[in-house]
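The values are calculated or read from the model by the stated rules, or taken from the named source; none is laboratory data. Computed from a prediction, not measured in an experiment: that's the story for all the values here. When we count neighbours, we look across all protein chains shown, and the Cβ atoms used for this are built from the backbone with ideal geometry, even at glycine. Accessible surface areas use protein heavy atoms only, side chains included; no ligands, DNA or RNA. Shrake-Rupley method; radii C 1.70, N 1.55, O 1.52, S 1.80 Å.
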Amino acid sequence: MTMQYELLAHRILERAAAQFPGKQIITRVGDGVHRYTYADLFRRTARLGNALRALGIGRGDRVGTFAWNTYRHLEAYFAPPTIGAVVHTINTRLAPDDMAYIINHAGDQVLLIDPDLAPAIAAIAHRLDTVRQYVILGEPSEVPDSLPGAVSYESLLAAASPEYNPAHVSEYDIMGLCYTSATTGLPKGVAYSHRAIYLHSLTSAAVDVLAMSERDRVMPVVPMFHANCWGLPYTATLVGADQIFPGARPGPPEICALIQSEAVTFTAGVPTIWIGVLDYLQRSGVEYDLSSLRQIISGGSALPLAVLQAYRERLGVEMVHAYGMTEAAPLISVNRRRTWLDSLSDSARLDLCATQGVIAPGIDMKLVDENGSAAPWDGIQRGELWFRGPWVADEYVNDERSAETFVDGWYHSGDIASIDANGYIQIVDRVKDMVKSGGEWISSVDLESAIMAHPDVLEAAVIAIPHPQWQERPLACVVPRADGAAPLTKDGIMEFITPRFARWWLPDDVVFIDEIPKTSVGKFDKKALRDRFANLGSRA
Ligand code: ADP
């Protein structure tokens, strides 16, 4: 037998402090940057753990974070788990009702809040039942009056014992908590064990997965509240990569400037971020040196092929498509080319890049058709994807909805996909976003991707609208590029996509709008679009 070695999240940080004490953690603060090292991170995390203990936080207690991507947030990723408590990363963009719901539902006792985000918490403070202490992530001068009894994070740390004294916990204890962003219904909570995060980090780092190394300079643009920040802060700490945090409200200019000034090699975010960056670069004409970038991980929703191509051809930057979800901590699959596909033609390779790739080691997958049978892996037949694995949840926290989603040891993702003979996943749609026309399914994702390949289109979302005869028909909502060559027309869009689809797939109508509404994690908000255009359907 081998040793019984507990896989604990704080062992990741202990290793970093011992192995790479001098590597850097850099955070954009105002017009400048804050820099410190893993040694500093370790010391301050020990203090934060003790400060939380002094506030009465112990095993299993919840500590909420309401913050941007910063070094202090990174400290909060590690300190609660170190003392046996749980870090709950709260989505700062949720509606107030959902925010109050998740804080109460999680039972957060302490909230760590960035100063400029304090008003959002102050507005719901009277509805929070379990919070005993607000801590403002800053100096005493940054503590607002609006939050009664709030204290400064820096004062707490200064007063805390510097001793590193981790709690005795089991690898199956909960160390993290994250809620889905509630595009429909109330948010659902997912709890992560120490073991899940440790194994997720080890696997993510692997060359055929996220391929992250000590040589990387990693900048997560994905918010630290979105699906565990895709595990990047833990993985980067495990491998000893330098980490660059973009701070408050990073927009395309800040993202580009940081890539250049900090020689970022590895960054990650949802496609809408990368569409925005590309548009900014084209319109502003500002030149940045992005040559340090080795890869951009794009995940969270389908990566349009046209975006991947534009990054490759115009900027010389490789985008890698990844797929996952809050319920899987979140990594499921990454697009890496198998050796036996090296001989594919250029265009077949490109098509392959747009798929969601191949499952990470450790994940088991099933493709299940409407009758509950296994669908063949032929790249054509569709089914729902089911997963299980060491970092996949087996329930939602205290939630009756668990039984619909977690069945007989499998997580039913609600994602419809095909899988080809080589194991490459192609997501067709979320079940709730598919368009059901005359009993047949139309993929909104395929239509969107084709429309976004039009050079004068900035963004496109396709939604189902009710139809008296066909039940539902697709409607394309299109945002023209501000600097487009010619005014976009419905006919122009239809002509562009007609060769690619069967006639009955083509949208019944195209509406031009200024902006596609986004969810709190930056995805196209199709529910908002369906609400907005519901009347269009009833007139059909
Ligand atoms: P939320 O549910 O709040 O949007 P998640 O990020 O957890 O947050 O959502 C996970 C879902 O996002 C997946 O089940 C899938 O539908 C979608 N998704 C994630 N990555 C991709 C991708 N690369 N391509 C297509 N869809 C994706």
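Below 15 angstrom from the Cβ of Glu6, what's the summed charge of the other residues (Lys, Arg +1; Asp, Glu -1)? Kindly include the intermediate steps, with their values, before the conclusion.
On the way: positive: Arg11, Arg15, Arg59, Arg195; negative: Glu14, Glu171, Asp173.
Overall, the nearby charge balance is +1.
Over all distinct Cα-Cα pairs of segment 225-346, the Kirkwood formula returns a hydrodynamic radius of 15.5 Å. Given a cut-off of under 8 Å on Cα pairs at least six residues apart, what relative contact order in percent is computed for the chain? In percent, rounded to a whole number, it is 11.
For Gly300, nonlocal amide neighbours, meaning residues 5 or more places apart or on other chains whose placed amide H falls under 5 Å from its own, are Gly324. Expressed as a whole percent, the accessible surface of the chain that belongs to carbon and sulfur atoms is 50, based on a 1.4 Å probe.
When the inverse distances between all different Cα atoms of segment 10-105 are averaged and flipped, the Kirkwood radius reads 14.4 angstrom.
Each of Ala106, Thr37, Ile26 was scored by the projection of its Cα onto the charge dipole of segment 11-110, and the greatest displacement toward the positive side belongs to Thr37; charges sit on the C-beta of Lys, Arg, Asp and Glu. Applying 0.36 nm per residue to the separation of His34 and Gln309 and subtracting their alpha-carbon distance, the gain on full extension is 95.5 nm.
Would you calculate the volume per residue, in Å³, of the smallest convex hull containing every Cα atom of segment 275-333?
Numbers: hull volume 5.4 nm³, N = 59.
So the per-residue Cα hull volume is 91 Å³.
Between Asp369 and Asn422, the C-beta separation translates, for a Förster distance of 25 Å, into a calculated FRET efficiency of about 0.80. Quote the FRET efficiency, to the nearest 0.05, computed for Asp351 versus Val431 with a Förster distance R0 of 25 Å and r equal to the Cβ-Cβ distance. Approximately 0.55, to the nearest 0.05. Sorted largest first, the spans of the alpha carbon positions of segment 436-539 along the three principal axes are 39, 35, 24 Å.
From helices alone, the chain scores -8500 deg cm²/dmol at 222 nm; the rule is -39500 (n - 2.57) for each run of n ≥ 4 DSSP H residues, then divide by the residue total. Modelled spin-label separation between Ser213 and Val407, with each label point placed 7 Å from Cα along the Cα-to-Cβ direction: 4.4 nm. Quick check: the distance between the Cα centres of segment 465-514 and segment 1-74, to the nearest angstrom? The two parts, judged by their Cα centres, are 48 Å apart. Simple spin-label estimate for Arg127 and Lys518 gives 2.4 nm between the two label positions (7 Å along the Cα-to-Cβ direction from each Cα).
State to the nearest 20 debye the size of the charge dipole of segment 436-539 about its Cα centre, where the only charges are +1 on K and R beta carbons and -1 on D and E beta carbons.
Working: 13 positive and 15 negative charges, 70 e Å.
Approximately 340 debye in magnitude.
At full extension, Asp399 and Thr2 could sit 139.2 nm farther apart than now, given 0.36 nm per residue minus the alpha carbon distance. Beta bridges assigned by DSSP with both partners in segment 150-289 are antiparallel in approximately 50 percent of cases.
Multiply the residue separation of Lys527 and Met494 by 0.36 nm, subtract the distance between their alpha-carbon atoms, and state the gained length in nm to one decimal. Please report the intermediate quantities before stating the final value.
On the way: separation 33, 0.36 × 33 = 11.88 nm, distance 2.38 nm.
Roughly 9.5 nm would be gained on extension.
At the residue level, His454 shows approximately 30 square angstrom of accessible surface with a 1.4 angstrom probe and all protein chains present. When the surface is traced with a 1.4 Å probe over the full set of protein chains, Lys432 keeps roughly 100 Å² accessible. If R0 is taken as 60 Å, the Cβ-Cβ distance between Arg59 and Ala502 corresponds to a FRET efficiency of 0.55.
Tell me, rounded to the nearest percent, the portion of alpha carbon pairs in the chain spaced more than 28 Å apart. Walk me through the numbers on the way to the answer.
On the way: 81463 of 145530 pairs.
Everything past 28 Å amounts to 56 percent.
When ligands, DNA and RNA are left out and all protein chains stay put, how many square angstrom of accessible area per residue does segment 436-539 have with a 1.4 Å probe?
Numbers: 4970 Å² over 104 residues.
Per-residue value: 48 Å².
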